[in-house]
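See structure below.
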Amino acid sequence: MHTIISEIFHGLSFTTEEINLLCSKLKKSTIDKNSFLLKEDDEVYDMFYVHKGCLRSYLIDRDGKEHILQFAVKGWWISDYISLYGRHKKLSVSNVECIKTATIYSISKAEFDMLCREIPKVAYFHIKKMELAFASFQNRILENLSLSATQRYVNFVETYPTIVNDVKNYHIASYLGITTESLSRIRTELSAR
């Protein structure tokens, strides 16, 4: 279990007491492909760290169209952040599904908040990770507003090369906000270059 602490909090060193406290709060689970960590309208208490596998968060709009918000592979966290961090929404607005059998470590937000108070370097580490995640989400919004579908796909492959192998074409298309037919055309055009 100590190895997972080094993986999650890469670059930080802890006392034996701190490691024991961290280990006592993490719950390890294996999640089968096509299983759900969260479904829309579930109560959300936990954050999930991906040690192995691939997950996705998505929502389905009123017209039945699926929109992928996030993928999560080794080293990433996933949850329904609107419910977990939001002020008003208490139930999940998204689904979190395992798309490649995964090993995860979960921790409740309440226990993580306690860890941040007890071990200040965990709080600082978390702030840095949240800043990167916020910048990434904002960059994705800007790309969706300003770039062509081809350029969004190229950027996706360059930024997340390992995810491309773990997900289906319709997952990538949904993430990019395009149809699977458009994605196939883009791939054909790029391979012809």
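Please treat every number below as a calculation from the coordinates, not as lab data. Remember, it's a predicted structure, so these values are computed and weren't measured experimentally. Backbone-built Cβ (ideal geometry, glycine too); neighbour counts: all protein chains shown.
One table, with the values for the structure above:
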quantity: Among VAL50, VAL96, VAL167, residue whose mean-square fluctuation peaks in a GNM of the chain (springs only between Cα atoms under 10 Å); calculated: VAL167
quantity: Choice from LEU84, LEU145, LEU26 with maximal GNM fluctuation in the chain (Cα, 10 Å cutoff); calculated: LEU145
quantity: Estimated distance in nm for a label pair at ILE60 and ILE19, the labels positioned 7 Å out from Cα along Cα-to-Cβ; calculated: 4.6
quantity: Translational diffusion coefficient (Stokes-Einstein; Kirkwood radius from C-alpha pairs) of the chain at 4 °C, 1.567 mPa s, in µm²/s; calculated: 72
quantity: GNM result for the chain, Cα springs below 10 Å: residue of ARG117, ARG56, ARG140 fluctuating most strongly; calculated: ARG117
quantity: Inter-label distance, nm, simple model (7 Å from Cα along the C-beta direction), ARG193/THR162; calculated: 2.6
quantity: Potential lengthening between THR179 and LYS28 on full extension [0.36 nm per residue; Cα-Cα distance subtracted]; calculated: 50.8 nm
quantity: Hz values of 3J(HN,Hα) by residue in region 30-39 - Karplus curve (6.51, -1.76, 1.60), Gly and Pro given as x; calculated: 10, 10, 6, 3, 6, 8, 10, 7, 9, 10
